[in-house]
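Heads up, the thing below is written out as structure tokens.
The values are calculated or read from the model by the stated rules, or taken from the named source; none is laboratory data. Please read all numbers here as calculations on a predicted model, not as lab measurements. Every residue, glycine as well, gets a Cβ built from its backbone with ideal geometry; the counts of neighbours run over all protein chains shown. All accessible areas refer to the heavy atoms of the entire protein, side chains included, with ligands and DNA or RNA removed. Shrake-Rupley method; radii C 1.70, N 1.55, O 1.52, S 1.80 Å.
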Amino acid sequence: MRIASFLTGFLVTASVMAQEWQAVERVEPYAVQGATGMEIYQSIGERGPKLGVARVIAHTGFKLTWTRKYERQGNACVITVNKPKLIITYTLPKLKSKLSEPLKSRWETFIAGVTRHEKVHGDFIKDMVKEIEAMSVGLTVDNDPDCRKIRPVLQARLGELSDAQRARSRDFDQIEMSEGGNVHQLILHLVDPR
């Protein structure tokens, strides 16, 4: 009886800990139109989100803030709390034109595939936040009673994790958008359904 009670309490505690934070995910649509697949794709090219100097079909951005608690423990400084607040924004095309078959089905396949692609980027961002959380809670810097030395140590590690996330996203895009890749196939199917 005591073991069952202990296990139930442990599972409830583990479940609560696993659910301490969740990303807020939202979609920011931009309007596109057209009567053919090519016209829709051209509208995307004219109205899509700007990334640098070029426009893209879709984009995943995020805002990440932290609630941190730095505590002095003896002569050291320790991060005891590091709770993220993550907002992921997917910028996706939203068709304003009424379509008939077979173009309607082709558009639905296209937008579902693009959305799946962007959600993978969202998953990469969530993975990065989990890695930051795991790395930072308990981070200790000795000889730092005023908790000043710990901040640059933390920032350096955050930079490494951020760089790794960006590289992972770039590699994924390179595969997906290369000739024969998933996004490339979605575009071809939308504009030329042969």
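Restricted to the range 123-132, and to residues that are open to solvent by less than 30 Å² (accessible area, probe 1.4 Å) and in contact with a helix residue (DSSP H, G or I) (Cβ under 7 Å, 6 or more places away or on another chain), which residue is farthest from LEU92 (Cα to Cα)? Walk me through it before giving the result.
In the first step, residues of the range 123-132 are kept if they are open to solvent by less than 30 Å² (accessible area, probe 1.4 Å); the result is 124-125, 128-129, 132.
Of the ones still in play, those that are also in contact with a helix residue (DSSP H, G or I) (Cβ under 7 Å, 6 or more places away or on another chain) are 124-125, 128, 132.
Values: PHE124: 18, ILE125: 17, MET128: 23, ILE132: 28 Å.
Applying the filter and picking the extreme gives ILE132.
With the requirement that a residue be among the hydrophobic types (A, V, I, L, M, F, W, C) and either open to solvent by 20 Å² or more (accessible area, probe 1.4 Å) or within 23 Å of ILE87 (Cα to Cα) (or both), what does the range 27-56 give you? Working first, answer last.
Of all residues in the range 27-56, those among the hydrophobic types (A, V, I, L, M, F, W, C) come to 27, 31-32, 35, 38, 40, 44, 51, 53-54, 56.
If the condition is that a residue be among the hydrophobic types (A, V, I, L, M, F, W, C) and either open to solvent by 20 Å² or more (accessible area, probe 1.4 Å) or within 23 Å of ILE87 (Cα to Cα) (or both), then VAL27, ALA31, ALA35, MET38, LEU51, VAL53, ALA54, VAL56 are the ones that fit.
Here's the yes/no breakdown for (1) over 26 Å from LEU103 (Cβ atoms); (2) touching a strand residue (DSSP E or B) at 6+ places or on another chain (Cβ under 8 Å); (3) not small (Gly, Ala, Ser):
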site	(1), (2), (3)
PRO145	yes, yes, yes
LEU154	yes, yes, yes
ARG170	yes, no, yes
ASN182	no, no, yes
VAL191	no, no, yes
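So that you can scan it fast, the table gives a plain yes or no per residue for (1) loosely packed, with under 15 Cβ neighbours inside 10 Å; (2) not in a helix (DSSP H, G or I):
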position	(1), (2)
LYS104	yes, no
HIS121	no, no
ALA134	yes, no
ASN143	yes, yes
GLY159	yes, no
Does any residue in the range 129-145 that is without any contact (Cβ under 8 Å) to a residue 40 or more places away in the chain and more than 17 Å from LYS85 (Cβ to Cβ) come within less than 8 Å, Cβ to Cβ, of a residue that is part of a helix (DSSP H, G or I) and open to solvent by 20 Å² or more (accessible area, probe 1.4 Å) six or more places away or on a different chain, and which pairs are these? MET135/ARG157; MET135/LEU161
Within the set of pairs 6+ apart or on separate chains, which have a first residue in the range 85-103 that is under 14 Å from VAL27 (Cβ atoms), a second that is of a type in the set (Lys, Arg) and surrounded by fewer than 17 Cβ atoms within 10 Å (Cβ to Cβ), and C-beta atoms under 6 Å apart? ILE87/LYS63; THR89/ARG26
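What about LEU99, is it over 18 Å from HIS189 (Cα atoms) and open to solvent by less than 70 Å² (accessible area, probe 1.4 Å)? Spell out the reasoning first.
Working: over 18 Å from HIS189 (Cα atoms): no; open to solvent by less than 70 Å² (accessible area, probe 1.4 Å): yes.
Here the answer is no, as LEU99 does not meet what is asked.
Looking at the structure I just gave you, is ASP192 among the charged types (D, E, K, R), surrounded by 16 or more Cβ atoms within 10 Å (Cβ to Cβ), more than 23 Å from LEU51 (Cβ to Cβ) and touching a residue at least 24 places away in the same chain (Cβ under 8 Å)? Give the steps one after another, and end with the answer.
Details: among the charged types (D, E, K, R): yes; surrounded by 16 or more Cβ atoms within 10 Å (Cβ to Cβ): no; more than 23 Å from LEU51 (Cβ to Cβ): yes; touching a residue at least 24 places away in the same chain (Cβ under 8 Å): yes.
Considered against the rule, which asks whether it is among the charged types (D, E, K, R), surrounded by 16 or more Cβ atoms within 10 Å (Cβ to Cβ), more than 23 Å from LEU51 (Cβ to Cβ) and touching a residue at least 24 places away in the same chain (Cβ under 8 Å), ASP192 comes out as no.
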Per-region count, the range 110-119, residues polar (S, T, N, Q) and either open to solvent by 70 Å² or more (accessible area, probe 1.4 Å) or part of a strand (DSSP E or B) (or both): 0
